[in-house]
Amino acid sequence: MNLYAAVLGAIVLTLLTVSLVQLRGVKTKADYLVAGRSLPAFVLVFTLLSSWIGSGSLLGGAENAYHHGFAALWQAGGGWAGLLLIYFIAPRARKFAQFTIPDLLEARYNQAARVLGVIAVLFAYTAITSYQLTGGGDILHLVFPTLISADLGKYIIAAFVILFTAIAGMASVAYMDVVIGMLATIAMCLALPVLLHSAGGWSHVTETLPATHFQLLGDFTLLQALELFLPTCLLMLGNQSMYQKFFSAKSEKDARNAVVGWIVGTIVLETVIVALAVVGSVRFPTGEVAQHPREIIAYTALHGLPAFLGALLMGSVFAKIISTANNYLFSPATNLVNDVFVRYLSPDASNKRILIVSRLMVALLGVWALYQALHTDSVLKKTLYAYTIYSAALTPVILAAFYSRRANAAGAVSAIGAGTFVTFFWDVPFVQHHLPAVLAQRDAIFPALLASLLCLVIVSLATKPPNPEQVALFFPE
């Protein structure tokens, strides 16, 4: 146990050191929010990879795989499909070179779209941050079961995340991700064959588990599989954290090259995560972890691997969770600073004042995320909620900004409002009670996305075309 504690302590000290080193270069708003637009492709690959693969994959995806086998890859597969499309979006996003998604929404649509975009990002990203805190708390409780409860662990992780994120902003987040991404890739790829051997080999795994665990749909219906696939795909396509990394790239070429490495890394790591959970379900079919299957990878690291490799895997999972929390906490803080404080409250604020307010916003949003974490039971359910509210509210209007000359401000505002409204109220007991049973059993993604798309298309066509100058920003001759 001392080894596990030492590894976690070393990771915390390393991340703190990286943040403090990057702090020296933070002098302006651009330094803090987009790392001075200086990130090379190598750094972008790992920061994109680390920000995407967090508790949603390591806890929610692993929990899904523990119960359903490799069909859990439908959730990951949505991200892979989104990545293939992002390859073509990345250089265009870097050419636009703003700070946030609401910057983009105002430039292409209007101020109302900016404000609604900020609200949607706040709901979605603090929810994503919250279950990173849940995952980190679970790990601390597993390593220190008599000293740290799961809830106390959430408080501790929240303090780490707020501190690391507030110190140096995007530069801190990005360069921490390089260390974390390399550690996680090595640890997980080494752990899988060792765990597979301890579980009796591949033949024993296939003999022990139901045949559906190795089928394309598994025990899901096609509709259930799409309910996993679609929110992930659409979140990937519209992900503000991703666009913010592209805005931080040194050049359009660096942005596009980073996507290639991101695609390869994501496919490999998410497949390895699901495989670890599937093999872990054979190794630990009953007991404590069967009651909390989201902990299967961390539990396996603690009880199913040689001490050093287990500590390395536990440390990499812990670091990935902190990394994702950093990214998704920093992003909405950027919105409040850039899209509310600087845009409306203090347009002439000095760089020093902006940096102070930025760090304050990180702290306040971190406390809100902690509150949500303390009231979250299912990481998988929280994952799908966060993905859906972003996917339905923002992704359609973001993609329309780059690919539709006819989408206008009225259509975008109505689409963001409709997607957010349907997702937020879909699971309210009063609403569920009055829905037909066939709809009440479904997740919100299809009705929310349908409402958003209908508003975007119909309202845009029913109102006057957008300003040609706004369209020209996204469709240069």
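When the residues of region 430-468 are filtered to those that are polar (S, T, N, Q) and in a helix (DSSP H, G or I), which remaining residue is surrounded by the fewest Cβ atoms within 10 Å (Cβ to Cβ)?
Here the answer is Gln432.
Give me a count of the residues in region 143-174 that are farther than 19 Å from Gly9 by Cβ and either at pLDDT 90 or above or small (Gly, Ala, Ser) (or both).
Here the count works out to 9.
If the requirement is being surrounded by 14 or more Cβ atoms within 10 Å (Cβ to Cβ), touching a Gly at 6+ places or on another chain (Cβ under 6 Å) and of a type outside the set (Ser, Thr, Tyr), which of these qualifies: Ala187, Ala158, Ala199?
When all the criteria are applied, what remains is Ala158.
When you scan region 401-415, do you find a residue that is part of a helix (DSSP H, G or I), within 26 Å of Phe160 (Cβ to Cβ) and over 18 Å from the mean Cα position of the chain (by Cα), even just one?
No, region 401-415 contains no residue that is part of a helix (DSSP H, G or I), within 26 Å of Phe160 (Cβ to Cβ) and over 18 Å from the mean Cα position of the chain (by Cα).
Pairs needed: first member in region 420-442, touching a residue at least 24 places away in the same chain (Cβ under 8 Å); second member anywhere, part of a loop (DSSP other than H, G, I, E, B); C-beta distance under 8 Å; at least 6 residues apart or different chains.
Partner pairs satisfying both residue conditions: Val422/Ala444; Thr423/Ala444; Asp427/Ala444.
Does Phe284 count as touching a helix residue (DSSP H, G or I) at 6+ places or on another chain (Cβ under 9 Å) and without any contact (Cβ under 8 Å) to a residue 24 or more places away in the chain? Spell out the reasoning first.
Numbers: touching a helix residue (DSSP H, G or I) at 6+ places or on another chain (Cβ under 9 Å): yes; without any contact (Cβ under 8 Å) to a residue 24 or more places away in the chain: yes.
So Phe284 fits the description; yes.
Evaluate the following for Ser38: is it modelled with pLDDT under 75, within 17 Å of Tyr125 (Cα to Cα) and not acidic (Asp, Glu)?
Details: modelled with pLDDT under 75: yes; within 17 Å of Tyr125 (Cα to Cα): no; not acidic (Asp, Glu): yes.
Considered against the rule, which asks whether it is modelled with pLDDT under 75, within 17 Å of Tyr125 (Cα to Cα) and not acidic (Asp, Glu), Ser38 comes out as no.
For Glu207, which of the numbered conditions (1) in contact with a helix residue (DSSP H, G or I) (Cβ under 8 Å, 6 or more places away or on another chain); (2) among the acidic types (Asp, Glu); (3) over 22 Å from Gly82 (Cα atoms) fails to hold?
The single condition Glu207 does not satisfy is (1).
To keep it simple, each residue is scored yes or no on (1) in contact with a Phe, Trp or Tyr (Cβ under 6 Å, 6 or more places away or on another chain); (2) hydrophobic (A, V, I, L, M, F, W, C); (3) touching a residue at least 12 places away in the same chain (Cβ under 8 Å); (4) within 25 Å of Gln372 (Cα to Cα).
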residue	(1), (2), (3), (4)
Ala107	no, yes, yes, no
Ala120	no, yes, yes, yes
Tyr131	no, no, yes, yes
Ile157	no, yes, yes, yes
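For region 171-275, list the helices (runs of 4 or more DSSP H) that sit wholly inside it and hold at least 2 residues that are farther than 30 Å from Phe402 by Cβ and either touching a residue at least 40 places away in the same chain (Cβ under 8 Å) or not aromatic (Phe, Trp, Tyr) (or both); which are they?
Ranges flagged: 201-208.
Kindly indicate the residue of region 231-285 that is hydroxyl-bearing (Ser, Thr, Tyr) and under 20 Å from Thr388 (Cα atoms) and also farthest from the chain's Cα centre (by Cα) among those meeting that condition. Full working, then the answer.
Kept after step one, since they are hydroxyl-bearing (Ser, Thr, Tyr), are these residues of region 231-285: 232, 241, 243, 248, 251, 266, 271, 281.
Subset that is under 20 Å from Thr388 (Cα atoms): 232, 241, 243.
Values: Thr232: 9, Ser241: 8, Tyr243: 12 Å.
Ranking the qualifying residues of region 231-285, first place goes to Tyr243.
Only residues that are crowded, with 16+ Cβ neighbours inside 10 Å and among the hydroxyl-bearing types (Ser, Thr, Tyr): list them for region 280-317, please.
Ser281, Tyr299, Thr300, Ser316
If I filter region 389-416 down to residues being among the polar types (S, T, N, Q) and closer than 15 Å to Gln240 by Cα, which single residue comes out as surrounded by the fewest Cβ atoms within 10 Å (Cβ to Cβ)?
So the first thing to find is which residues in region 389-416 are among the polar types (S, T, N, Q), and the list is 391, 395, 404, 408, 414.
When the remaining residues are screened for being closer than 15 Å to Gln240 by Cα, the result is 391, 395.
Details: Ser391: 31, Thr395: 24.
Result: Thr395.
The values are calculated or read from the model by the stated rules, or taken from the named source; none is laboratory data. Quick caveat, the model's predicted, so the values are computed rather than measured. All Cβ positions, even for glycine, are placed from backbone atoms using ideal geometry, and neighbour counts span all protein chains on display.
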